[in-house]
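The values are calculated or read from the model by the stated rules, or taken from the named source; none is laboratory data. The model shown is predicted, which means the values in this text are computed figures rather than measured ones. Methodologically, a virtual Cβ is constructed for each residue, glycine included, from the backbone with ideal geometry; neighbour enumeration extends over all protein chains shown.
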Amino acid sequence: MRMPKMLAAFLGWVVLGLVAGAEPQLQVDPLVYDFGTVYEGYLVEAIFTLNNVGDETLTFSRQPGTSCGCTSAPLPKMELAPGESMQLVAYFDSTGFGGRDIHKYVYVYTSDPRNPAVTLRIEGYVQRSALYEDGAPRLYRSFRVLVDLRSAEEYEQVHLLGAINLSPEEVEGWLGQLPRWTEVVVYDATGDQAGQLVVELQGRGYRGLKAIAGGLAGWWRALGDSYLVWQAGVEHVLPPGAPMAPDTDQYYVTPEEVAREYILVL
């Protein structure tokens with residue numbers, strides 16, 4: 001039995017309408033993230049929920065853009081199936097924005113045909129920090145770890161304030177816990193062993209690793225007993241050994257440079 005022509009045409013239009021209506025659609029909650037009031041230096045974490053309420057897979061054409069380098073918003077993945085959602089976490093570093101009302105923007109680009117570019121806003125007020133206060137992001141950027149490579153007995157007698165004690169064989173495994181760009185300064189008695197270790201580990205990708213030129217002996221000659229911690233009853237005298245003179249600056253940092261940027265976290 002043949003289907004009447006008008007009925008066939010009508011069903012064809014219905015099918016075409018259903019196909020045409022199938023498309024991805026992005027829904028974001030919230031569009032504006034108000035973090036209220038924070039102290040300068042605080043790292044704001046703004047969370048946006050991205051939901052595909054359409055009938056087709058939603059794709060993100062690229063990572064979100066931001067209105068300034070103080071904000072980052074990486075996507076965990078680049079597609080959302082129909083009905084699927086994920087969180088977009090945007091970070092705003094408030095360092096340097098004390099005393100200001102903040103309006104920062106995150107730009108999301110998708111395959112949603114009705115709204116291919118969505119602008120999200122982060123807003124709030126950053127209160128000035130006191131002169132004696134500093135934020136975690138700034139500490140993170142300037143943080144430096146000191147590592148004493150000498151024996152535990154030598155370390156107990158005298159070491160640089162805040163330094164930890166590791167054998168040369170332990171250093172690489174310990175470095176694996178840190179981001180590779182972390183600044184780590186190692187030292188020994190004269191700078192010889194520390195320099196060799198830095199050459200080896202820089203070659204394996206640990207570019208933030210440096211040795212103190214001349215070791216502890218070089219430190220004493222340059223700065224005396226500044227920042228040195230002595231065991232009770234130990235005489236404050238020049239550590240043994242002659243400081244080795246480095247033949248390149250690539251692997252070394254001077255005692256004066258370390259002292260100028262000394263940071264101690266208590």
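Condition check ((1) closer than 30 Å to residue 39 by Cα; (2) assigned to a strand (DSSP E or B)) across all residues:
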site	(1), (2)
63	yes, no
69	yes, no
74	yes, no
95	yes, no
101	yes, yes
107	yes, yes
114	no, no
120	yes, yes
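Any chance region 232-248 includes a residue that's of a type in the set (Ser, Thr, Tyr) and closer than 18 Å to residue 150 by Cα? Within region 232-248, none of the residues are of a type in the set (Ser, Thr, Tyr) and closer than 18 Å to residue 150 by Cα. Scanning region 231-256 for residues that are surrounded by 14 or more Cβ atoms within 10 Å (Cβ to Cβ) and either touching a residue at least 60 places away in the same chain (Cβ under 8 Å) or in contact with a Lys or Arg (Cβ under 9 Å, 6 or more places away or on another chain) (or both) gives 239, 243, 251, 252, 253, 255. When region 30-45 is limited to residues that are surrounded by 17 or more Cβ atoms within 10 Å (Cβ to Cβ) and modelled with pLDDT under 95, the one that is farthest from residue 126 (Cα to Cα) turns out to be 44.
Is region 251-259 home to any residue that is assigned to a loop (DSSP other than H, G, I, E, B) and either farther than 21 Å from residue 168 by Cα or small (Gly, Ala, Ser) (or both)? No, the conditions are met nowhere in region 251-259.
Going residue by residue through region 7-29, is there one that turns out to be among the aliphatic types (A, V, I, L, M) and either in a strand (DSSP E or B) or modelled with pLDDT of 90 or more (or both)? Yes. Taking first residues from region 96-112 that are without any contact (Cβ under 8 Å) to a residue 24 or more places away in the chain and partners that are of a type in the set (Val, Ile, Thr), the Cβ contacts under 9 Å between residues at least 6 apart in sequence or on separate chains come to 103/122.
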